[in-house]
Amino acid sequence: MPETPLIVTVDAEGDNLWSKPRAITVRNAECLPRFQLLCERFRLKPVYLANHEMASCAAFVEFGRDVALRGAGEIGMHLHAWNSPPLESLTNDDLFHQPYLIEYPDRVMREKIHAITGLLEERFERKMVSHRAGRWALDGRYAAMLLDEGYLVDCSVTPGVDWRANPGAPGGSGAPDYTSFPQRPYFLSPADPSVASNSALLEVPMTVFASRLFRWLPWMYRVPVLRQAAGRVSPARSWLCPEPLLEQHNLEAMLQLARRARHAGMTHMQLMLHSSDLLPGGSPGFGSARAIEQLYSHLERLFEELSGWCRGMTLIEFRDHWLADRRQAAA
């Protein structure tokens with residue numbers, strides 16, 4: 001069986017943003033070299049999708065420049081609208097509500113995208129071509145603006161996941177519903193991001209599968225009194241993503257998901273985590289040094305298995321690979 005492309009994406013952002021801090025710190029930048037070494041050991045090439053505070057962090061810039069210069073990974077863009085200049089309040093407390101970029105007026109959206117793109121390109125001295133939306137919120141307007149800035153790859157789509165229960169600005173348009181979006185890569189249409197087109201922006205969806213219980217008894221997850229119990233037995237959807245748990249079953253869940261993707265003949269697999277997951281206390285579940293060591297143990301064992309049948313790629317490398325495969329198939 002041919003090697004499956006494995007893309008490791010890291011949302012490079014401030015420490016524990018789930019706590020909605022008034023002052024954002026970036027201590028997790030000091031934790032990235034250890035993670036990078038682990039990835040390089042298994043010939044993986046992480047994509048660090050950086051937001052404003054990380055682009056402004058000297059330690060991250062030094063680290064990212066080295067990674068990119070050696071071809072050992074890629075730097076891309078990640079935009080948290082509530083603290084990414086130019087700052088223009090959308091709510092009475094944007095740091096608390098953390099509004100989605102797609103809730104801002106078009107003018108503000110465009111200015112924020114242009115500003116962070118310029119900052120990243122200045123700091124890393126290279127064109128930004130890869131992107132993930134903050135809080136996973138992408139729509140057609142956003143996609144069109146990314147194309148205008150020259151982006152070539154997006155990885156915001158989480159197939160089958162409906163984010164509408166996660167609020168942004170009070171009374172705002174809210175988060176997207178990716179329930180009907182494809183699992184396989186496609187050049188998305190700004191007119192309808194769930195539909196393939198001839199645009200230049202390749203969508204590389206997250207690796208997400210519905211659980212067997214959800215496929216057999218989906219109604220259980222729609223009944224409030226049953227939803228919580230069903231979720232404890234089997235989450236509706238599984239991601240290729242380390243969960244903030246010390247229990248062994250998270251490793252087994254990731255391994256089973258990867259094997260399922262291989263059996264299904266998926267064109268790629270994408271694993272994601274947050275840079276703050278690598279810092280004790282940097283995210284809600286990884287609160288101790290013990291939790292971090294368990295995370296590294298799980299990642300090492302996962303990478304060890306995947307190294308036998310996967311090949312590490314950055315997002316832009318995967319785009320080139322995808323295009324080459326399409327040309328070969330058409331020949």
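The values are calculated or read from the model by the stated rules, or taken from the named source; none is laboratory data. The model shown is predicted, which means the values in this text are computed figures rather than measured ones. Methodologically, a virtual Cβ is constructed for each residue, glycine included, from the backbone with ideal geometry; neighbour enumeration extends over all protein chains shown.
Looking only at segment 242-256, residues that are buried (at least 20 other Cβ atoms within 10 Å of the Cβ) and at pLDDT 90 or above come to 1 in all. Cβ separations smaller than 7 Å between residues 6+ apart or across chains give the following pairs from segment 145-173 residues that are closer than 17 Å to TRP239 by Cβ and at pLDDT below 95 to residues that are polar (S, T, N, Q) and assigned to a loop (DSSP other than H, G, I, E, B): PRO159/GLN183; GLY160/THR179; ASP162/THR179.
Scanning segment 88-132 for residues that are under 29 Å from MET313 (Cα atoms) and surrounded by fewer than 17 Cβ atoms within 10 Å (Cβ to Cβ) yields a count of 7. On the stretch given as segment 278-311, residues that are hydrophobic (A, V, I, L, M, F, W, C), in a helix (DSSP H, G or I) and closer than 23 Å to LEU6 by Cα total 7.
Which ones in segment 174-188 are surrounded by 15 or more Cβ atoms within 10 Å (Cβ to Cβ), in contact with a Lys or Arg (Cβ under 9 Å, 6 or more places away or on another chain) and either not small (Gly, Ala, Ser) or not in a loop (DSSP other than H, G, I, E, B) (or both)? Listed by number, the residues that qualify are PRO176, PRO185. Whether any residue in segment 44-59 is surrounded by 23 or more Cβ atoms within 10 Å (Cβ to Cβ) and touching a Pro at 6+ places or on another chain (Cβ under 6 Å) is what I want to check. For segment 44-59, residues surrounded by 23 or more Cβ atoms within 10 Å (Cβ to Cβ) and touching a Pro at 6+ places or on another chain (Cβ under 6 Å): absent. For segment 87-128, the set of residues classified as more than 17 Å from ALA12 (Cα to Cα), touching a residue at least 40 places away in the same chain (Cβ under 8 Å), among the hydrophobic types (A, V, I, L, M, F, W, C) and part of a loop (DSSP other than H, G, I, E, B) consists of LEU90 only.
Search segment 150-173 for residues being in a loop (DSSP other than H, G, I, E, B), touching a strand residue (DSSP E or B) at 6+ places or on another chain (Cβ under 9 Å) and of a type outside the set (Ser, Thr, Tyr), and hand back the single one that is surrounded by the fewest Cβ atoms within 10 Å (Cβ to Cβ).
Per the criteria, the residue is ARG164.
Quick check on segment 132-149: of everything there that is under 14 Å from SER199 (Cβ atoms) and either in a strand (DSSP E or B) or among the acidic types (Asp, Glu) (or both), which residue is nearest to the chain's Cα centre (by Cα)? Looking at the filtered set, the residue picked out is GLU149. Screening ALA261 on (1) of a type in the set (A, V, I, L, M); (2) touching a helix residue (DSSP H, G or I) at 6+ places or on another chain (Cβ under 7 Å); (3) at pLDDT below 95; (4) buried (at least 19 other Cβ atoms within 10 Å of the Cβ) shows it passes everything except condition (2). Residues of segment 1-31 that are under 16 Å from the mean Cα position of the chain (by Cα) and in a helix (DSSP H, G or I): LEU17, TRP18. Going by the structure shown, is ILE316 in a helix (DSSP H, G or I), touching a residue at least 12 places away in the same chain (Cβ under 8 Å) and under 20 Å from GLY76 (Cα atoms)? For ILE316, the condition - in a helix (DSSP H, G or I), touching a residue at least 12 places away in the same chain (Cβ under 8 Å) and under 20 Å from GLY76 (Cα atoms) - is met.
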